[in-house]
């Protein structure tokens with residue numbers, strides 16, 4: 001590399017502009033591919049964008065802190081977008097009110113299952129206790145899950161990783177699984193993915209069906225609340 | 001558009017402040033969501049509130065715009081995960097199998113409960 005292009009790279013690679021551009025362009029391509037494959041579950045734009053960008057950072061030896069200086073503008077919008085879930089919820093309020101009882105009962109059933117199943121499977125696979133504590137809150141949004149994990153003295157960064165992996169797995173698996181068992185009620189499908197796979201599952205649900213997206217968003221919000229109450233209880237009962 | 005965005009941020013800000021202040025076990029934006037919903041419902045009842053962002057579908061269309069690419073917003077955090085995959089590799093394939101199995105079981109139990117309860121309610125309504 002000659003001196004000029006090297007100093008240009010040094011300049012650009014430290015500027016938020018480059019990393020914001022990379023984030024948006026990689027997503028735009030991944031989303032176009034997802035659309036071209038009629039939203040095939042394996043063409044999930046979150047999955048493909050993160051490994052492509054992650055690989056690019058690795059090759060160019062760029063730190064996550066530098067990347068985040070640009071990507072934070074996108075990351076910031078998660079909060080306002082969560083607030084904006086009120087809009088489709090408002091549009092579908094009659095449907096939601098009519099389904100309040102099935103929602104509340106399956107919220108409790110699903111939330112307990114998410115926690116208990118991860119603890120039991122982790123023990124069956126022989127994972128150490130410290131890891132089990134970090135995995136327990138994996139079905140809720142990262143911010144809440146990391147808080148729960150810290151309060152249990154788990155490893156918050158392992159929790160963050162398992163939250164994202166859970167979200168991606170849920171978003172990929174939900175459509176083929178529900179089709180296989182012939183579930184046609186998009187309220188139920190959406191609610192299930194919101195409980196199991198939080199925001200990444202909700203983003204998938206909105207790709208498939210608006211009603212599914214609305215129910216997924218409600219499930220995600222309620223599950224954050226229920227899980228933070230249940231995880232400490234479940235961990236005490238199952239691990240001590 | 002700016003007024004609508006301000007309203008959404010205001011809801012989030014109120015949510016964050018209350019969650020932090022009262023140490024509630026929920027994300028601030030989720031509380032913000034309920035504030036925005038409450039505002040939209042109150043507006044339907046009181047004509048006086050039908051102005052600015054709460055008028056002519058303004059906050060609604062800004063909200064839909066924010067949600068149109070919800071997947072994009074998870075990418076910065078997701079990229080952070082790619083860099084910490086060593087944490088997963090350390091514990092081997094057991095951790096991946098645990099997460100996958102738990103996701104499938106959770107999906108099945110939730111969807112089955114939802115459908116069973118709504119069918120039970122529908123049956124009760126028809127017999128009454």
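Quick notes on this one:
- Shape call, the range B:72-128: gyration tensor on alpha carbons, a/c limit 1.5: oblate
- Helix A:64-76 vs. chain A, principal-axis angle (Cα, 0 to 90°, nearest 10): 50
- Cα centroid separation, the range A:141-218 to the range A:75-105 (Å): 15
- With the helix formula -39500 (n - 2.57) applied to DSSP H stretches of n ≥ 4, chain A reaches a computed 222 nm mean residue ellipticity of -27500 deg cm²/dmol.
- When the helices of chain B are scored as -39500 (n - 2.57) per DSSP H run of n ≥ 4 and the total is divided over every residue, the value at 222 nm lands at -26000 deg cm²/dmol.
- Taking the C-alpha atoms only, the angle from helix A:142-151 to the longest principal axis of chain A is near 70 degrees.
- Every pair of different Cα atoms in chain A enters the Kirkwood calculation, which places the hydrodynamic radius at 19.3 Å.
- For the range A:48-174, the relative contact order works out to 14 percent when only alpha carbon pairs closer than 8 Å and six or more residues apart are counted.
- Most mobile of A:124, A:188, A:224 in a GNM of chain A (Cα contacts under 10 Å): A:124
- Of A:50, A:59, A:112, the sequence from fewest to most neighbouring Cβ atoms within 10 angstrom is A:59, A:112, A:50.
- Highest to lowest packing among B:118-125, A:68-75, scored as the average C-beta count within 10 Å: A:68-75, B:118-125
- Percent RCO, i.e. relative contact order, over chain B, from Cα pairs under 8 Å lying at least 6 residues apart: 19
- Stretching residue A:153 away from residue A:4 to a fully extended chain increases their span by 48.7 nm, per 0.36 nm per residue minus the current alpha-carbon distance.
- GNM flexibility winner over chain B from B:100, B:14, B:116 (Cα, springs under 10 Å): B:116
- Per-q log10 I(q)/I(0), the range A:134-236, q = 0.16, 0.22, 0.23 Å⁻¹ (Debye; single scatterer per alpha-carbon; no solvent): -0.62, -1.00, -1.06
- For chain A, averaging the sequence separation of C-alpha pairs within contact (under 8 Å, six or more residues apart) and dividing by the residue count gives a relative contact order of 18 percent.
- Ordering of A:11-17, B:89-95 by packing [mean C-beta count within 10 Å, highest first]: B:89-95, A:11-17
- Sites residue B:127 and residue A:181, calculated FRET efficiency, Cβ-Cβ separation with R0 30 Å, nearest 0.05: 0.65
- C-alpha long axis of helix B:2-22 to longest principal axis of chain B, angle in °: 60
- Protection proxy ranking, peptides B:31-40, A:191-200, A:80-89, A:172-181, average beta carbon neighbours within 10 Å, highest first: A:191-200, A:80-89, B:31-40, A:172-181
- Take each residue of peptide A:136-147, count the partner chain Cβ atoms within 10 Å of its Cβ, and average: the result is 3.
- Mean-position separation - Cα centroids, the range B:6-36 and the range B:43-67, in angstrom: 19
- Per residue, the convex hull volume that the Cα atoms of chain B enclose (Å³): 208
- Counted residue by residue at 0.36 nm each, then reduced by the alpha carbon distance between them, the extension gain from residue A:130 to residue A:105 reaches 5.9 nm.
- Put simply, the range A:3-76 fits an ellipsoid with semi-axes of 26, 12, 11 Å; these come from the alpha carbon gyration tensor as the roots of five times its eigenvalues, largest first.
- Modelled label positions at residue A:97 and residue A:38, each set 7 Å beyond Cα in the direction of Cβ, lie 3.7 nm from each other.
Bear in mind that the values in this text are calculations on the coordinates, not laboratory data. Quantities reported herein were computed from a predicted structural model and do not represent experimental measurements. All Cβ positions, glycine included, derive from the backbone under ideal geometry; neighbour counts span all protein chains shown.
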